[in-house]
Amino acid sequence: MYFDELPLDDRLLDALYEMRFDECTPIQEQAIPPLLEGRDLVGIAQTGTGKTAAYLLPVLNRLCSGEYPEGNVNCVIMVPTRELAMQIDQALEAFSYHLPFSGVAVYGGNDGIRYEQELRGMKRGADIIVATPGRLISHLSLGNVDLSKVSFFVLDEADRMLDMGFHDDIMKIASYLPSKRQTLLFSATMPDDIQALANSLLSEPVQVRIAVSKPAEGIDHKAYICYEPQKMHILEAELKNKDLKKAIMFVSKKVKVKDLAIRMRKLGVKLAQMHSDLTQEERNHVMQDFKSGRINLIVATDIISRGIDIDDIQLVINYDVPHEPEDYIHRIGRTARAGKEGRAITLVNEEDQFYFGKIEKIVGHEIPKLPLPEGLNEVPQYNSNRRPPQKGRGGKASAGRGKGRSNGDKNNGGRGRRSDGAKAKGRPDSDSRQRNRRRRRGGEKKKSANKAAGQETNQQ
């Protein structure tokens, strides 16, 4: 389905045309129509499927009707991390480029200047707030924002928010909202606690389920079965004489991230660390260096397993096996984006074999095991049915679940959103853009028809 087949405002279609977004992804095709009708919705889809546009476009389209009060917060979007809040805020700027709506991103971990920007944006009457739970509750407790007129409540990455312990915060924020509203919940998985949350907040929701817990087809999965002390030697052999341009290595704990970063710099790898001890400014600097090619590798906790949207990451290394299959899906989802190919290598020690077996079941096949590099002769026997041992008073070993996302979604935009609540510019004359959009659609259809005719001729 093409976007201009949906009953969207021309100003939204103009923005989509300028961003070169023509066809809907499956989650957009199935979610946008019922959302335009005002239905509550539960969307189950992994990152990279375009779900940000799936809810932003219908919300913006309904705001275009003029039936919602000006100078009030009309939509609240809840997200688990500041990275995702910034990403959605940028998408909002792109999609609403020709609309007179304002938005503000509200998240913690920043300085007083940023806090004043948030406060100023909300006082001016931002139409849409994109927020992390803790920071929004802080503003609510100080009386900085009024949510009594909210018509749209969106929970994005709901499973991650519950993993991070935000259930009570979500319910507290919901208590500030009017009972009559449209509520949308998006999650990569649908465990019992997510179902219970949906039952408590949504009214007769439509459920859309898209490709749950399946990795992208373009990913080449490989694994090394090894002992823990052998991992560094494997990394050295894997990265030696390789043209490493962009790669991410996921590690279970930030202490280990710091240690591995020191050891790998000695190998001559241009890298940076990413974990919760970094300030937002430091995280932004790392991502800028990564995108520009000044560094080739990020050693990170799961804080960025859902938090970045870069199309040309060629390799993901799981130094530690994530204990939940969904986390594996999100980690390796950083590569093979936008239809490209990528590699995922996992280092599996004895204690992680059970968890890796769970991952293989989700993937749907046994992941090929690579031979260890020369000089590493001893290999533990692989047995995915053997449960890991308990670890003293702390119970089981850490599950390695981080506090990061997500996700970047397809169709997220990227114009650089203003976060001070300033109004976007009004709609310019769009007649020429509409003609160009129709001409482009017609050209694409003609090109497809010519291609099909050529294939038919070749077959004859």
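Derivation of every value follows stated rules applied to the coordinates shown; laboratory data play no part. The model shown is predicted, which means the values in this text are computed figures rather than measured ones. We place every Cβ from the backbone using ideal geometry, glycine too, and count neighbours over all the protein chains shown.
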Descending packing, highest mean Cβ count within 10 Å first, for 324-334, 347-357 is 324-334, 347-357
Long-range amide H partners of V106 with built H, under 5 Å:
V130, A131, T132
Can you run phi through the Karplus equation (6.51, -1.76, 1.60; θ = phi - 60°) for the stretch 70-83 and list ³J(HN,Hα) in whole Hz, with x for Gly and Pro?
6, x, 10, 6, 9, 9, 10, 10, 9, 9, x, 9, 5, 4
If amide H atoms are built 1.01 Å from N in the plane of the peptide, which residues on other chains or at least 5 residues away come under 5 Å of the amide H of D220?
G342, R343, A344
Give, as ranges by residue number, the residues of the stretch 162-193 whose backbone N falls under 11 Å from the point 7 Å along Cα→Cβ of S200.
166-175, 193
So if we plug the beta-carbon distance of N385 and K222 into 1/(1 + (r/R0)^6) with R0 = 22 Å, what FRET efficiency do we get, rounded to 0.05?
0.55
Fully extended contour minus Cα-Cα distance, from K240 to K256, at 0.36 nm per residue
3.6 nm
The stretch 219-387 shape via C-alpha gyration tensor axes, a/c threshold 1.5:
prolate
Cross-link partners of K254 among aspartates and glutamates (Cα-Cα below 19 Å; sequence separation of 8 or more within a chain)
E83, D163, E228, D277, E281, E282, D302, D320, E324, D327, D352
Ranked by how many other beta carbons lie within 10 Å on average, peptides 78-86, 223-231 from highest
78-86, 223-231
For D312 and L376 in the same chain, what is the full-extension length gain: residue separation times 0.36 nm, less their Cα-Cα distance, in nm?
19.8 nm
What pairs in K291/K361; K172/K246; K51/K180; K266/K358; K149/K291 have C-alpha atoms more than 32 Å from each other?
K291/K361; K172/K246; K266/K358; K149/K291
Can you give the FRET efficiency for R263 and E37, using 1/(1 + (r/R0)^6), R0 = 35 Å, r = Cβ-Cβ distance, to the nearest 0.05?
0.05
Given contacts defined as C-alpha pairs under 8 Å and at least six residues apart, what's the relative contact order of the stretch 3-212, whole-number percent?
30 percent
